[in-house]
Amino acid sequence: MFRLQSSKVLAVDMTGDAVKAKNGSMVAYDGEMAFKKLSGGGEGIRGMVTRRLTGEQMTLMEVKGRGTCWFADRASEINLVSVQGDKLYVESSNLLATDGGLRTGTEFTGLRGASQGNGLFTTTVEGHGQAAIMSDGPAVVLRVSAQYPLTVDPGAYVAHQGNLRQSFQSGVTFRTLLGEGGGEAFQMRFEGDGLVYVQPSERNTIAGDV
């Protein structure tokens, strides 16, 4: 069971089951716990090949036992997301923990400037259970509908889920409108029906002017 001890600390109550969490994010536990390091990018041979191709930096650990384990990372704000048979797309640096039964993988998301260290690929979480994602400042959850597509600055993007089509568009940027140089020359556009999670503090991006 996932619950927020505070906005920046995730508590997971375990009764012999397992969770997957960002390596090094455990801050305390009680009871009996066993820790095992995993690799990011997905399970099995496909996951190994994907990691070779993408240079995916996500490293996970499996925690299994009985008791309560607490997780946190750099005092980031934590948001709980319910995954019910759909697929959650999240930047690898923003994924804190998932239920042990959820599957993680890596998916190509198209040509873009990309977030620092995350390349052109996004981490996927699918199955049934809960995931904990992180944001720099309290995340804002924005609804996308057929009538109201959404455009997001790539530096503020955290995750999305639902029946959404993601694309990248170039043109006048938010920062150009403000008279600031060096901003992204592209934005992320979402159409369909679903949710997009954005953070109020932008991360640095690379190749934004391509």
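What about GLY44, is it open to solvent by 50 Å² or more (accessible area, probe 1.4 Å) and at pLDDT below 90?
Details: open to solvent by 50 Å² or more (accessible area, probe 1.4 Å): yes; at pLDDT below 90: yes.
So GLY44 passes the test.
Determine which member of the set GLN161, GLN199 is touching a Leu at 6+ places or on another chain (Cβ under 6 Å) and modelled with pLDDT of 70 or more.
Within the list GLN161, GLN199, the selection yields GLN161.
How many residues does segment 79-103 contain that are open to solvent by 10 Å² or more (accessible area, probe 1.4 Å) and in a strand (DSSP E or B)?
10
Of everything in segment 104-146 that's in a loop (DSSP other than H, G, I, E, B), modelled with pLDDT under 90 and of a type in the set (S, T, N, Q), which residue is surrounded by the fewest Cβ atoms within 10 Å (Cβ to Cβ)?
GLN116
The values are calculated or read from the model by the stated rules, or taken from the named source; none is laboratory data. Because the structure is predicted, anything quoted here is derived from the model rather than measured. A quick note on method: Cβ atoms are made from the backbone with ideal geometry, for glycine too, and the neighbour counts reach across all protein chains shown. Note: areas computed on protein heavy atoms with side chains; ligands, DNA, RNA excluded. Shrake-Rupley method; radii C 1.70, N 1.55, O 1.52, S 1.80 Å.
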